[in-house]
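Remarks on the structure that follows.
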Amino acid sequence: MPAERNNHPVLRKVGAYLLLSALALIVLFPIYVTVVGSLLRPDQLVSQPPSLFPTHPQWDTYSEAWSGGHFSTYLRNSAIVTALIVAGQLVTSILAGYAFAMLEFPFKRVIFVVFLATMMVPFEVTIITNLQTVTDLHWYNTYAGLAVPFLATGFGAFLLRQAFLQIPSDLRDAATIDGYGHLKFLGRVAVPLARPSIAALAVFSFLGAWNQYLWPLLVTKDDTYRTVQIGLKQLRSTQVDEINITLAGTILAALPLVILLILFQKQLIRGLTTGAVKG
Amino acid sequence: MSSMPSMSLNGRSWRARAAALLVVGLLSAGAVGCGGGDDDSAGDDDDGDLASCPTSALDDASGPVQITFWHTMQRANEAALKELTDAYNSSQDKVKVKLVNNSDYDDQQDKYRAGLTTGDLPDVVLQQDIYLQQMIDTETALPVQSCIDATEDFDAEDFTGAALDYFSVDDVQWGLPFNLSNPVLYYDKVAFRKAGLDPEKPPATFDELRTAAEKIKAAGYATGMSLKVDSWQFEQLVANQGADFANNGNGRESRATAAAFDNEAGKAVFELFGGMVADGLATSSPRRGPSQFDNLLGIASKHNGMSFDTTAALGTIVELFASGQYKDVELGVGPMPGRTDDGGIVVGGAALYISATDPAKQAAAWDYMQYLTSPESQSKWSAATGYIPVRASSVDLPEVKARWAEVPGFRVAYDQLVSSAHNTATDGAVIGDFEGVRDAVEEAENRMFLDKGDPDAALKGAADKATSAIEAYNDRL
């Protein structure tokens, strides 16, 4: 029945797009409201029913948020600290993940379980000991103090171990015959093959590092080394008619994340679905 | 794989907060344990063995003394504080003050407690009212009392009402009040007229409040009153009836060991609140989060005719009403109802503490604190922020006069404070884990409002839980 075969895919496509559009609307609406809210006049912010379109966009809320939240300093600090943390986590996780997947060494299982166990310990529990260590090392109020405690994660080692385990042993054997040592194999074969998982890890560590609040507040002395989430909190006002500035700050602080997610979207989705669909 | 457990560090989740509080709390308890001997009374130092305040160290210092001031003022308030401080810095060359903004009182307290480990403590810190006991227990503050004793021209008489008394335990002044606010009754005069009530006579007793709510509802409003679930308001209404909130004279005769609000005064408030919600005369609204202004916006949009809230919001609310957005409403401000002869309003707000250890910095801190609390500074500060001035003579200065002429509601808050009786009830409770106590009260209110449950049982439950919180803190010392 040719007519049916022609109709069917189109209908399905329309249905799928309708459903996806509805879902996208639900996801995007809060973001839309945030953007609109950041542009509203103070009196429009509290009007009933709420305004859903900025008839008189107030762009100066952004400059106000920029200066009020010290964003020029804080964004730079966040960028530096986040870059350090992401780079550090990638290096340590790749090396540790490779070791757990490919090497044989004594107490491998025990050590791996210890790595996994660190995932069960919330950072808050170790916060005071970490603070003590950082202070003793004279890293208080420095980039090192902000970044070093986060340079390695059990989660990253675990994620990349799983990725490296999926590399067929034939490949390793072939590489050995070609004279590849472990480092060469890691750099030329294993890392390129595990790229989706590595990208996913990069995005996750970026999110985690970028959104840090309590640790940067505790470990910094003043504005010089503070990060963007602290600036955002400082924009929070008790005045109901200043919410537009808080919202503008939220957008500014979230923008790097949004750009990153758009750039890494493909890798991220592939990273999330590797292992889920075994081929 | 949707989140990274080791990186969930945004400090917002209850888990994060609870864990941080626990750890940091234990730590501070440890620090105190090492330092103190007997800790049975709230402030066990006698006047005699207070550390001395080296007021002359400033004159001996060569070159300007740099001090750090931790505060949590945001936006317009921060700008006003900066203006005052800049003026101070440029008016003399002995002291230079550096401001550090720590976002909010709770986060700053976490940072302060962490500073017991790192050694990074400020020279002056602005601490929320309820942290008084914790500040005493950290043993990091040089009692302001020492400096007052060493300053001949200190005019204690001129401080507003019981502002000094709140921050003093066992005759030792620990903090110097800087910014004060109170809860007041906000209401819509138009609603009062429609309901046949006198718009110039806000309800003065609990019965009158309930009757007003009944009449406003009968006049076609969705509800008579919006009640914020806020323990602070409950505390104020208990004190307004002259009753203690915690035992041992509100923790002022000796360290509080149990909640005392399970008394007639507490019952009267819970029965009033519970009854009004059960009978549809009031609805509850949250204290935090995106809906925290719903009670006041409700007045503006003619949903409810009345609500209690802080005077810190008064300036904004007045502007809101004047914006032309809301037709046919007229803001009224009245004192908190239920005042008895021995009752009154407890000072709310924050005080300055000296955490400096270096004599020159201690002296510099004291100099700066005297400047911030001078009648002139307080007049400017109050006019810019809406806080009640801590100095009585500020009220006659031009800035405050002009601001109060614009917004007469400020005077209501000031008057209800200075007309209060002076006793342990109105001095306010001194409790170590005040946050835990407030959580207990608010949880009980929430449950009572939702289940329309028995107010007496709810109050009893709140008191039991509050007592456990108090005991848990005391046990850690």
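The values are calculated or read from the model by the stated rules, or taken from the named source; none is laboratory data. This one's a predicted model, so the numbers in the text were calculated from it and none came from an experiment. Counting neighbours? That spans all protein chains shown, and the Cβs are built from the backbone with ideal geometry, glycine included.
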What single numbered condition from (1) within 12 Å of chain B (Cβ to nearest Cβ); (2) buried (at least 18 other Cβ atoms within 10 Å of the Cβ) fails to hold for residue A:96? (1)
When restricted to A:214, A:272, A:268, the only residue modelled with pLDDT of 80 or more and either over 17 Å from residue A:80 (Cα atoms) or of a type outside the set (S, T, N, Q) (or both) is A:214
Looking at this structure, is residue A:129 free of Cβ contacts under 8 Å to residues at least 12 places away in the same chain and within 21 Å of residue B:118 (Cα to Cα)? yes
Residues in the stretch B:95-109 that are in a helix (DSSP H, G or I), crowded, with 22+ Cβ neighbours inside 10 Å and within 9 Å of another protein chain (Cβ to nearest Cβ): how many? 1
Any idea which residue in the stretch B:319-377 is surrounded by the most Cβ atoms within 10 Å (Cβ to Cβ), counting only those that are in a loop (DSSP other than H, G, I, E, B) and among the basic types (Lys, Arg)? B:339
Matching helices (runs of 4 or more DSSP H) fully within the stretch A:1-114 where at least 2 residues are modelled with pLDDT of 90 or more: A:2-39, A:60-68, A:71-102
The one condition in (1) within 9 Å of chain B (Cβ to nearest Cβ); (2) within 30 Å of residue B:111 (Cβ to Cβ) that residue A:133 fails to fulfil: (1)
On the basis of being more than 24 Å from residue B:317 (Cα to Cα) and surrounded by 14 or more Cβ atoms within 10 Å (Cβ to Cβ), does residue A:32 make the cut? no
What tally of residues in the stretch A:216-228 results from selecting those that are at the interface with chain B (Cβ under 7 Å from one of its Cβ atoms) and surrounded by fewer than 24 Cβ atoms within 10 Å (Cβ to Cβ)? 3
Among the candidates B:121, B:81, which residue alone is in contact (Cβ under 8 Å) with a residue 24 or more places away in the chain, part of a helix (DSSP H, G or I) and within 14 Å of chain A (Cβ to nearest Cβ)? B:81
Residue B:384: at pLDDT below 95 and not basic (Lys, Arg), yes or no? yes
Check residue B:216 against each of (1) surrounded by fewer than 21 Cβ atoms within 10 Å (Cβ to Cβ); (2) closer than 20 Å to residue B:301 by Cα and name the one condition it does not meet. (1)
Taking residue A:193 as meeting all but one of (1) away from chain B (no Cβ under 14 Å); (2) farther than 21 Å from residue A:267 by Cα; (3) in contact with a helix residue (DSSP H, G or I) (Cβ under 9 Å, 6 or more places away or on another chain), write down the number of the exception. (2)
Helices (runs of 4 or more DSSP H) wholly in the stretch B:391-477 with at least 1 residues that are under 26 Å from residue B:264 (Cβ atoms) and in contact (Cβ under 8 Å) with a residue 60 or more places away in the chain - which ones? B:409-418, B:424-427, B:434-451, B:455-476
Filtered residues of the stretch A:136-179 (kept if at the interface with chain B (Cβ under 9 Å from one of its Cβ atoms) and not β-branched (Val, Ile, Thr)): A:140, A:141, A:150, A:154, A:155, A:156, A:159
